[in-house]
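Everything on this sheet refers to the single structure shown next.
The values are calculated or read from the model by the stated rules, or taken from the named source; none is laboratory data. Please read all numbers here as calculations on a predicted model, not as lab measurements. Glycine gets a Cβ as well: all are built from the backbone with ideal geometry, and neighbour counts include every protein chain shown.
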Amino acid sequence: METKQRNHTIDVLKLIFSLCIIGIHLNLFKDSSTPAYWTITQSLFRIGVPFYFITSGYYFASKLHDDTRSNAWLMRLLKIYLVFEAIDIGLNLAVGNRLPIGIILLRVCTTGMNRIYWYLVSLLVTCALCRPLWKRGHTGILIGIGFLLYLLTMTYDSYSWLFAGTVFEQIGAWHTSIWSWPQAGFGESVLFLSLGIWLHQKHIQSAHAGMILFCSMVFLLMEGWLCQSHGAADANCYLSLIPVSICLFLWILDHPHICRIPHAGDMSLYVYMIHTYFNYVSYIAPVSPLRFLLSASLSLLASALIVRIRSMNKSA
């Protein structure tokens with residue numbers, strides 16, 4: 001199943017899902033169409049983060065037993081993260097938002113100053129902590145632990161409405177306030193990164209990935225509609241995201257060249273890192289679809305420029 005050539009479909013999907021994250025953060029369709037908001041923004045768009053984790057785990061597995069390569073991969077992500085955190089701290093100081101140093105350090109080490117970089121922090125921390133166990137062949141155990149963490153997160157995230165008005169509601173509020181991070185971060189990263197490692201190690205093949213993907217996508221739409229219609233606290237942790245992400249990745253491994261956009265993989269990372277700045281600018285637009293188009297367009301242009309500058313510096 002593993003291919004030596006780059007999988008361009010994965011890169012393009014990563015770029016598409018980075019735009020989906022913009023839609024989530026801008027609450028796309030919330031002010032114009034409740035059904036679209038529940039089924040698109042709060043269901044289909046949520047595939048992005050699990051897909052990122054599985055992809056990262058799959059690629060990290062190829063470097064797992066080479067500390068030089070795996071450390072270089074992690075250090076690249078860490079450097080990018082710290083650069084943007086320095087920018088965020090500078091912007092906070094520029095607008096007079098002088099937070100205590102303890103709060104700044106806490107955010108930098110957990111969710112980022114703008115509180116949306118939890119994915120990258122969780123990826124870095126999970127890779128650092130789980131790498132020795134992955135190398136020793138304990139991937140299956142970590143998938144089990146990750147699944148339990150995912151269920152714990154899901155209880156007071158997507159399925160929080162089940163406990164409204166019960167004695168467990170207050171417990172859930174306490175649980176969420178204490179574990180806002182790494183609750184969401186580890187609840188997804190341990191599970192989906194380990195699944196990506198496992199897919200690479202076992203060379204899993206599925207002739208029925210496409211059919212299972214279709215069925216699980218239908219279930220995701222139904223699950224999203226059910227949870228959102230009952231006032232879910234968030235939408236990070238649907239059960240159906242597990243088979244959807246696995247089957248989508250397996251299907252893409254068999255279709256590596258459906259489409260190609262130059263530097264799409266690198267652009268997806270920078271879209272994720274910079275879109276929060278353009279989200280603020282986008283509020284000059286009156287409705288969420290226009291805000292999304294504005295922020296997505298600016299983020300794509302800026303990320304393409306960053307990738308171009310970096311390529312020129314490497315070739316110089």
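What about LEU294, is it under 30 Å from ASP31 (Cα atoms) and within 18 Å of the chain's Cα centre (by Cα)?
Here the answer is no, as LEU294 does not meet what is asked.
Based on what the data block shows, is MET273 in a helix (DSSP H, G or I), under 27 Å from ILE197 (Cβ atoms) and in contact with a Ser or Thr (Cβ under 6 Å, 6 or more places away or on another chain)?
It is false that MET273 is in a helix (DSSP H, G or I), under 27 Å from ILE197 (Cβ atoms) and in contact with a Ser or Thr (Cβ under 6 Å, 6 or more places away or on another chain).
With a cut-off of at least 1 residues that are closer than 27 Å to ILE252 by Cβ and β-branched (Val, Ile, Thr), name the helices (runs of 4 or more DSSP H) lying wholly within region 56-139.
Hits in region 56-139: 67-94, 118-135.
Based on what the data block shows, is LYS63 more than 19 Å from the chain's Cα centre (by Cα), basic (Lys, Arg) and crowded, with 16+ Cβ neighbours inside 10 Å?
Against the criterion (more than 19 Å from the chain's Cα centre (by Cα), basic (Lys, Arg) and crowded, with 16+ Cβ neighbours inside 10 Å), LYS63 qualifies.
Can you tell me which residue in region 209-254 is farthest from the chain's Cα centre (by Cα), limited to those that are assigned to a helix (DSSP H, G or I) and of a type in the set (S, T, N, Q)?
SER229
Any chance region 213-229 includes a residue that's among the β-branched types (Val, Ile, Thr), surrounded by fewer than 19 Cβ atoms within 10 Å (Cβ to Cβ) and modelled with pLDDT of 95 or more?
Yes: one or more hits.
Is one or more of the residues making up region 125-145 touching an Asp or Glu at 6+ places or on another chain (Cβ under 8 Å) and closer than 14 Å to LEU191 by Cα?
no
List the residue pairs whose Cβ atoms are under 7 Å apart, where the first residue sits in region 113-135 and is within 21 Å of LYS202 (Cβ to Cβ), the second is buried (at least 21 other Cβ atoms within 10 Å of the Cβ) and of a type in the set (Phe, Trp, Tyr), and the two are 6 or more positions apart or on different chains.
Short answer, once both residue conditions are applied: THR126/PHE186; CYS127/PHE60.
Of LEU148, LEU193, LEU142, which residue is modelled with pLDDT of 80 or more, more than 19 Å from SER70 (Cβ to Cβ) and either among the aliphatic types (A, V, I, L, M) or in a helix (DSSP H, G or I) (or both)?
LEU148
Restricting attention to region 66-84, which residues are under 21 Å from ARG131 (Cβ atoms) and crowded, with 18+ Cβ neighbours inside 10 Å?
SER70, TYR81
Could you grab me the full set of residues in region 1-43 that are part of a loop (DSSP other than H, G, I, E, B), free of Cβ contacts under 8 Å to residues at least 12 places away in the same chain and polar (S, T, N, Q)?
Residue satisfying the conditions is SER33 alone.
I need the full set of residues from region 30-44 which are surrounded by fewer than 22 Cβ atoms within 10 Å (Cβ to Cβ), in contact with a Gly (Cβ under 7 Å, 6 or more places away or on another chain) and not β-branched (Val, Ile, Thr), in order please.
TRP38
Answer with yes or no whether ILE258 is at pLDDT below 95, over 17 Å from the mean Cα position of the chain (by Cα) and of a type outside the set (D, E, K, R).
Considered against the rule, which asks whether it is at pLDDT below 95, over 17 Å from the mean Cα position of the chain (by Cα) and of a type outside the set (D, E, K, R), ILE258 comes out as yes.
Residue under question is MET267, and the condition is that it be touching a Phe, Trp or Tyr at 6+ places or on another chain (Cβ under 8 Å), surrounded by 20 or more Cβ atoms within 10 Å (Cβ to Cβ) and closer than 29 Å to LEU78 by Cα; does it hold?
no
Take region 265-303 and flag every residue that is of a type in the set (Gly, Ala, Ser) and within 21 Å of ILE116 (Cα to Cα).
Of everything in region 265-303, those that are of a type in the set (Gly, Ala, Ser) and within 21 Å of ILE116 (Cα to Cα) turn out to be GLY265, SER268, SER282, SER288, SER295, ALA296, SER297, SER299, ALA302, SER303.
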